[in-house]
Amino acid sequence: MTITTATTTGQHEDTTDRRSAIALAPGTLAGVKRAYSTRRVDLDRAVAARFDLAPSNGDLVLARVGEIGQHQRIELPSGRRAPMREGEQVIVAFSNRYAPDQFEAVVPDDLGPTSLVAGGGIAGRVVAQHAMMLDATELLPIGLLADAEGRILNVADGALGETASHLRPPVIAVVGAAMNSGKTTTVAKLVQGLAAAGERVGAIKVTGTGSGGDVWSFADHGAHVAYDFTDFGWATTAEIGVEAVAEILRRGVAQLTADGCTVIAIEVADGVFQRETGELVEHPAFAEHVDAVLFAATDALCGIAGIAWLEARGHAPLAVSGLLTASPLAARELAGQTATPIWGNDTLTDAAHAAAVLGTARELRDR
């Protein structure tokens with residue numbers, strides 16, 4: 001019997017029979033812990049677990065938990081981080097990961113034992129890991145989830161649809177020096193200030209690794225609507241290419257505009273030297289859809305480097321923020337080297353200041 005399987009990279013034909021798959025009776029997956037990364041995919045479509053194909057980026061896999069390592073919990077669609085037990089089944093998505101403080105991982109070329117490389121539900125083969133990390137938790141794939149036609153379920157299946165283009169509101173993006181430089185906090189505090197000023201704030205994380213923490217932080221700080229790249233069909237954005245990332249940016253801004261937001265705040269993950277991040281900032285779509293930029297720095301030296309890097313690409317930052325602002329001394333060091341303002345959390349959350357930032361972004365949009 002011939003089965004045609006759709007993937008994010010196209011279609012390929014498989015000529016095996018149903019003995020290469022495990023049938024899933026109705027309700028089989030009801031008690032299985034599914035990860036945040038898979039939350040938008042309709043699991044009612046899954047009727048089999050196929051073990052005859054190599055995984056593709058975004059494919060959903062039913063796996064058994066092996067030896068517990070770095071990640072002892074799995075993030076559910078609700079946000080709860082549920083403990084995992086050796087031998088229990090979970091549903092996660094295959095994807096790449098780029099996290100200098102944790103794991104570098106790629107989609108494997110077979111369904112042999114693999115690793116849980118992110119608690120939000122990312123399976124991959126570890127290429128490198130930070131010295132402070134334990135070995136990754138082991139996953140033993142049972143099979144790729146497939147529908148009645150044999151097509152593999154993929155994160156892309158749950159992507160939000162296209163929305164019509166309208167005049168967008170002002171857009172403010174936050175980029176940073178590195179992972180954990182304070183980008184999410186900067187966006188969240190900016191959202192808080194803009195919401196306090198009476199705005200309907202939309203927020204989106206356009207790159208990174210699938211996990212709900214940042215999106216919920218945006219919502220908790222007053223965002224009217226918050227999304228991330230998983231809402232647009234990707235479990236992670238590592239190695240997907242700049243055109244795909246630019247499309248996430250374009251569609252995200254269009255969706256938040258359609259949602260009635262009066263201002264949009266964007267987080268671009270990792271640091272500007274990460275490939276997709278750097279190439280996105282240099283892409284025409286960034287200039288088209290982003291009006292103002294903030295830079296999250298960890299210290300004074302990277303603040304200076306970040307300002308120069310952005311200025312060289314035509315995106316001089318309105319201000320430097322991020323982890324650096326937790327240290328008055330570090331902020332003073334930076335202030336002695338640049339005229340670029342430095343905004344801490346108290347400044348970002350101030351309604352009057354946020355209104356002024358919005359005004360600047362609007363002027364830049366309309367110039």
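Across the stretch 232-249, what is the number of residues that are buried (at least 22 other Cβ atoms within 10 Å of the Cβ) and more than 20 Å from V107 (Cα to Cα)?
Qualifying residue count, the stretch 232-249: 2.
D291 fails exactly one of the following numbered conditions: (1) under 18 Å from K189 (Cβ atoms); (2) in contact with a strand residue (DSSP E or B) (Cβ under 8 Å, 6 or more places away or on another chain); (3) not polar (S, T, N, Q). What is the number of that condition?
With respect to (1) under 18 Å from K189 (Cβ atoms); (2) in contact with a strand residue (DSSP E or B) (Cβ under 8 Å, 6 or more places away or on another chain); (3) not polar (S, T, N, Q), D291 is out only on (1).
Can you tell me which residue in the stretch 164-178 is surrounded by the most Cβ atoms within 10 Å (Cβ to Cβ), limited to those that are within 21 Å of E282 (Cα to Cα) and hydrophobic (A, V, I, L, M, F, W, C)? Full working, then the answer.
We begin by selecting, within the stretch 164-178, every residue within 21 Å of E282 (Cα to Cα); these are 168, 170-178.
Add one more test, that the residue is hydrophobic (A, V, I, L, M, F, W, C), and what stays is 171-175, 177-178.
On the way: V171: 27, I172: 25, A173: 27, V174: 26, V175: 30, A177: 27, A178: 21.
Among those residues, the one meeting the criterion is V175.
When you scan the stretch 266-288, do you find a residue that is more than 24 Å from E247 (Cα to Cα), of a type in the set (S, T, Y) and within 23 Å of the chain's Cα centre (by Cα), even just one?
No, that holds for no residue.
Which residues, taken from the stretch 74-123, are buried (at least 17 other Cβ atoms within 10 Å of the Cβ) and acidic (D, E)?
Once the filter is applied, which keeps residues that are buried (at least 17 other Cβ atoms within 10 Å of the Cβ) and acidic (D, E), the stretch 74-123 yields E75, E104.
Could you check, for the stretch 98-111, whether at least one of its residues is closer than 22 Å to A54 by Cβ, assigned by TED's automatic domain parsing to the domain that holds S37, touching a Pro at 6+ places or on another chain (Cβ under 9 Å) and not in a loop (DSSP other than H, G, I, E, B)?
no
Which numbered condition trips up S217, out of (1) free of Cβ contacts under 8 Å to residues at least 40 places away in the same chain; (2) polar (S, T, N, Q); (3) part of a loop (DSSP other than H, G, I, E, B)?
It is condition (3) that S217 fails.
Please go through the stretch 107-140 and pick out each residue that is under 18 Å from G210 (Cα atoms) and of a type in the set (A, V, I, L, M).
Selection gives V107, L116, V117, A118, I122, A123, V126, A136, L139.
Looking only at the stretch 142-196, count every residue that is more than 17 Å from A361 (Cβ to Cβ), in contact (Cβ under 8 Å) with a residue 60 or more places away in the chain and outside any helix (DSSP H, G or I) and tell me the total. Don't jump to the end; show me each part of the working.
Taking the stretch 142-196 as the starting set, the residues that turn out to be more than 17 Å from A361 (Cβ to Cβ) are 142-166, 176-185, 188.
Subsequent filtering for residues that are in contact (Cβ under 8 Å) with a residue 60 or more places away in the chain retains 142-160, 162-166, 176-185.
Add one more test, that the residue is outside any helix (DSSP H, G or I), and what stays is 142-154, 159-160, 162-166, 176-182.
Of the residues in that region, 27 qualify.
Restricting attention to the stretch 197-214, and to residues there that are farther than 18 Å from R81 by Cα and assigned to a strand (DSSP E or B), which single residue is nearest to the chain's Cα centre (by Cα)?
K205
Among what's in the stretch 54-73 and is small (G, A, S) and under 25 Å from D42 (Cα atoms), pick the residue that is surrounded by the most Cβ atoms within 10 Å (Cβ to Cβ). Break it down stepwise before answering.
At the first step, the residues of the stretch 54-73 found to be small (G, A, S) are 54, 56, 58, 63, 66, 69.
So of that shortlist, the ones also under 25 Å from D42 (Cα atoms) come out as 54, 56, 58, 63.
On the way: A54: 14, S56: 20, G58: 30, A63: 25.
Here the residue is G58.
Could we say that E239 is acidic (D, E), in contact with a Lys or Arg (Cβ under 9 Å, 6 or more places away or on another chain), assigned to a helix (DSSP H, G or I) and modelled with pLDDT of 95 or more here?
No; evaluated as a whole, the condition is false for this residue.
Of all residues being in contact with a strand residue (DSSP E or B) (Cβ under 9 Å, 6 or more places away or on another chain) and at positive phi in the stretch 179-210, which is surrounded by the fewest Cβ atoms within 10 Å (Cβ to Cβ)? Just the residue, please.
Among residues in the stretch 179-210 that are in contact with a strand residue (DSSP E or B) (Cβ under 9 Å, 6 or more places away or on another chain) and at positive phi, the one surrounded by the fewest Cβ atoms within 10 Å (Cβ to Cβ) is G182.
Taking D135 as the residue in question, decide whether it is over 20 Å from the mean Cα position of the chain (by Cα) and farther than 26 Å from L24 by Cα.
Against the criterion (over 20 Å from the mean Cα position of the chain (by Cα) and farther than 26 Å from L24 by Cα), D135 qualifies.
The values are calculated or read from the model by the stated rules, or taken from the named source; none is laboratory data. None of the values given here were measured: they were computed from a predicted structure. Every residue, glycine among them, receives a Cβ derived from its backbone with ideal geometry; neighbour counts consider all protein chains shown.
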